[in-house]
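Some notes on the structure that comes next.
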Amino acid sequence: MTTIGRRIPNIMGTQHPDNAAVPFFKHSQSPFISAYNEVKEAFNNFSVLDTDEYMWDWEGKHADAAVIDRLYSENYSYFKKNQLGRDKFLTFRLPNIWEEKGYSLMQAMATILSAEDFAKDLSFDQRPLFEAILPMAQSADQLIEIEDKFASLAHFKSKEFTSGSNNNDLLYMIPLFEGFETQLNAPKILKTYLSMYEKHFGQSLQYLRVFLAGSDSALSNGFMNSIIGNKLALTRLADFSNEINLPVFPIAGTGSTIFRGGLSPLWIKRYLQEFPGLKTATVQSAFRYDYPTNQVQAAIKELRAGLQESKPLSMSGEEQQILIDVAKKSAVYYHETLDQLIVDLQPVFDAFPKRRDRRQHVGILGYSRQVDGYKMPRAITFTGSLYSVGVPPEFIGFGRALMSLDAKELAIFVRHYPNLKHDFVHLAKYISQDALNTLIQGNPAWAEVRQDIQDMQKILQFEIGPSNENEEEHARLASDLVKISDATTRTLLIEKQALLRRFLG
């Protein structure tokens, strides 16, 4: 297989706003991180936590275009030894111009080009920024179009604004596949992309990095559908890599809560077991800031070592088809129930605390994801809101779907989800039966979620409810939350619960 002339990062820090506690690098008592403070955050993630890569997010949020200027100017000696683009990596997530207004796309691309100039002026031998993530990627055409736009801008800048030095006109794209179908069909999309790339640019790629979403796929189709989609994608990408004899390095976007992937400093072995073949993991804000820093540093070392050794699991065609059928079946249960609950959750969504500067004018500058015609919040808000009312979202549709499986389907599903019981034993501790009873009194559709919980309990034999003082306090706060109407009080309760469970959402 092709050898590549660069280091592939294993640990990617991100700006996902799921932390409950105050970040270790802040002097104030607020857990909110402004766009201006994100440069300091990025440096601390490199220098203190030793992350390999940091995602600089232009999708749906404000981003500091002076990021490279500030990193190099404020921390020159560090980056002289640990050069961006060689030893450490800053990777932009671009706005998807097919989903939101592309006001910041040119700004992001211009930042990539000016960063190259600045690095040359400092006598650094490496181009600092050369890859970018395209969220909600749907087709090969989209990747080629973004690369074309970058090349055009690079040529224009070299001609009109750069004296005696041309910018590199290649930007290597990392597609972010978010939905079940795009993850399943990732090899087909990538095969088309490789062919188009060679014809379009007259050269071949040495490798591919491919990003698989965990949060938004769970939000869209439920937890069972999402975890199956991730596992199938990892297997199929490995098969594709072997078929075309080209290295493919999967990235997974996963948060601390199980619904969003289950990557916390406490569960490194569990995570590596559930995502075989993964090469880059995202350590999001809760992972980094809701645990003692020395514990986070040790977890990052353990995670890096595990990812470097991680090998994909193969599945027969029959196994894959059975898992596809199970995933689709589970999505039906999830949608049927969620459609009836979403209106009840809106006041909780509205009271959910913020952790980052987001674009506010949804529909003009930003976008909102939709499920069955409903405008949905971001996955962190959705997840945290359900935990806050004492109903972990992992259960929605999962129990009835699991109960509907025949013996063969169940055996294959359990084989490929080895931590099934471990995960739901843990999740059951955050169920507030008092809060759920209150919700059912207001809307009988919540009884379907209680059925999911009872079905899971029958199959896996676990206790429902708190097992320690923190979990008991969490359940009491959930019971209070569903009975009050004051938005400010709701927000305070959500904040307290988040600290107890060590993640916001």
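The values are calculated or read from the model by the stated rules, or taken from the named source; none is laboratory data. Keep in mind it's a predicted model, so treat the numbers as computed, not measured. Neighbour counts run over all protein chains shown; Cβ positions are idealised from the backbone, glycine included. With ligands, DNA and RNA removed, areas are computed over all heavy atoms of the protein, side chains included. Shrake-Rupley method; radii C 1.70, N 1.55, O 1.52, S 1.80 Å.
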Only one of (1) assigned to a loop (DSSP other than H, G, I, E, B); (2) touching a residue at least 40 places away in the same chain (Cβ under 8 Å) does not apply to Asn166, and that is (2)
For segment 1-33, enumerate the residues that are open to solvent by 40 Å² or more (accessible area, probe 1.4 Å), among the charged types (D, E, K, R) and more than 19 Å from Leu303 (Cα to Cα).
Arg6
Residues being touching a helix residue (DSSP H, G or I) at 6+ places or on another chain (Cβ under 7 Å), of a type in the set (Ser, Thr, Tyr) and outside any loop (DSSP other than H, G, I, E, B) - total across segment 446-494
2
Among the residues of segment 264-282, the number that are part of a loop (DSSP other than H, G, I, E, B) and free of Cβ contacts under 8 Å to residues at least 40 places away in the same chain is 3
Members of segment 178-234 that are in a loop (DSSP other than H, G, I, E, B) and of a type in the set (Gly, Ala, Ser)
Gly179, Gly202, Ser204, Gly214, Gly222
With the condition being among the basic types (Lys, Arg) and at positive phi, I'd like the helices (runs of 4 or more DSSP H) fully within segment 1-108 carrying at least 2 qualifying residues.
none
Applying the selection to segment 259-284, what residues are within 20 Å of Pro393 (Cα to Cα) and among the small types (Gly, Ala, Ser)?
Gly261, Gly262, Ser264
Being surrounded by fewer than 24 Cβ atoms within 10 Å (Cβ to Cβ) and over 26 Å from Leu386 (Cα atoms) is the requirement here; does Arg270 meet it?
no
Scan (1) among the charged types (D, E, K, R); (2) open to solvent by less than 30 Å² (accessible area, probe 1.4 Å); (3) more than 24 Å from Phe211 (Cα to Cα) for the single condition Arg93 breaks and write down its number.
(3)
Please determine, by comparing only the residues of segment 292-328 that are under 24 Å from the mean Cα position of the chain (by Cα), within 20 Å of Ile228 (Cβ to Cβ) and among the charged types (D, E, K, R), which one is least open to solvent (accessible area, probe 1.4 Å).
Lys328
